[in-house]
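Please read the structure below before turning to the comments.
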Amino acid sequence: MWNVLEAFYDSVPRAGARVEEHGELVLFLQAGDGYPYYARPRFPGGDPSVEDVLEVRARQRELGVPEALEWVHETTPGLLAVARQAGMEVLEAPLLVLDPEKLPERHPHVRVLGTRPVEVTVVAELAFGSPGTDAGTVGVEERDAALAAAVPTSTRHRHAVADLPGEGVLAVGTAQRAGDVVEIAGIGTLPAARRRGLGGAVTAELARDALERGAELVFLSAGSLEIARVYERVGFRRAGTACIASPAS
């Protein structure tokens, strides 16, 4: 499984980025106004040194892009200590894979789309502005105000929304695919609508859609153990750790 995941991580950014090699690290750089990418170990089998990390960080600063480094701990275990020696702090995020037999029943108000409605961007931004699973005050009023100024964007991915009668879109998520592998990401629920199972329902529907379209492996990463438990309730199990490094505070 790990080689399959590494091939996925290496191939997904290449469609929308230019690539530089710095020792045992590959730096993905956005093309135009695209997503601000990161560096990853060279595929296959990269084993970066402290010097490689420092070189990439210097290049990212030179270019004015985030100093970001990502990898899977199980495939590059030595990079955790190396990144810390190079002055980075590391989020160790639970990496979970889908057990298809444990998917719950469909939610009646969750649907998958092949286009990206503006609600996906707006709800995700509001949700990640208040991270975690706790309920909050940001809700429909803030969403509608943001929608009034939102600009549609193009996409190559699949998106899901929890669109409830009388309330509109309250939770969103995205799935990206390379070969037979699908990663689910960007699951977000308006803080005022949390604790209603909507984030899990969106996740489950994206996973079901991926399987129906022939995916053989569906996975995701959670920002915390608490968030991971949401995904475990809809059929995912922990398989490893996704590491995300940024400059130490």
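Please treat every number below as a calculation from the coordinates, not as lab data. None of the values given here were measured: they were computed from a predicted structure. Here the Cβ is made from the backbone with ideal geometry for all residues, glycine too, and neighbour counts use every protein chain on show.
Spin-label model, PHE128 to SER11: label points 7 Å out along the Cα-to-beta-carbon direction sit 2.4 nm apart.
Applying a DSSP loop filter and a limit of 16 other Cβ atoms within 10 Å to the trypsin sites (Lys or Arg not before Pro) in segment 104-197 leaves ARG106, ARG156, ARG195, ARG196. Estimated purely from DSSP H runs of n ≥ 4, each contributing -39500 (n - 2.57), the mean residue ellipticity at 222 nm for the chain is -8500 deg cm²/dmol once divided by its residues. Reducing segment 30-87 and segment 114-174 to their Cα centroids gives an inter-centroid distance of 30 Å.
Around the amide H of GLY240, modelled in the peptide plane, lie the amide H atoms of LEU95, all under 5 Å away and 5 or more residues distant in sequence or on another chain.
Ranking of LEU190, LEU54 by neighbouring Cβ atoms within 10 Å, starting from the fewest: LEU54, LEU190. Amide H contacts under 5 Å for VAL138: ALA192, restricted to partners 5 or more places along the chain or on a different chain, H placed in the peptide plane at 1.01 Å from N.
Largest GNM mean-square fluctuation among LEU170, LEU217, LEU147, using the chain with Cα springs under 10 Å: LEU147. Put a dot 7 Å past the Cα of ASN3, heading toward its Cβ, do the same for SER249, and the two dots end up 4.1 nm apart. Per-residue Karplus couplings for segment 87-99, computed as 6.51 cos²θ - 1.76 cosθ + 1.60 with θ equal to phi - 60°, are listed in order as x, 10, 9, 10, 7, 9, 8, x, 9, 10, 10, 7, 9 Hz, Gly and Pro entered as x. Principal axis extents of the Cα atoms in the chain, from largest to smallest and rounded to whole angstrom, are 56, 41, 31. Scalar couplings 3J(HN,Hα) for segment 128-136, obtained by applying the Karplus form with A = 6.51, B = -1.76, C = 1.60 to θ = phi - 60°, are 6, x, 10, x, x, 10, 5, 5, x Hz; x denotes Gly and Pro.
Summing Lys and Arg as +1 and Asp and Glu as -1 over all other residues whose Cβ lies under 12 Å from the Cβ of ALA15 gives a net charge of +3. Taking θ as phi - 60° and the Karplus parameters 6.51, -1.76 and 1.60, the scalar couplings of segment 5-22 work out to 5, 5, 5, 4, 4, 6, 8, 4, x, 5, 5, x, 9, 9, 10, 10, 10, 10 Hz in sequence order, x denoting glycine and proline. Set the Förster distance to 30 Å, then compute FRET efficiency between ALA149 and VAL50 from the Cβ-Cβ distance, nearest 0.05. The pair ALA149/VAL50 has a calculated efficiency of 0.10. Put a dot 7 Å past the Cα of ALA31, heading toward its Cβ, do the same for ASP163, and the two dots end up 3.1 nm apart.
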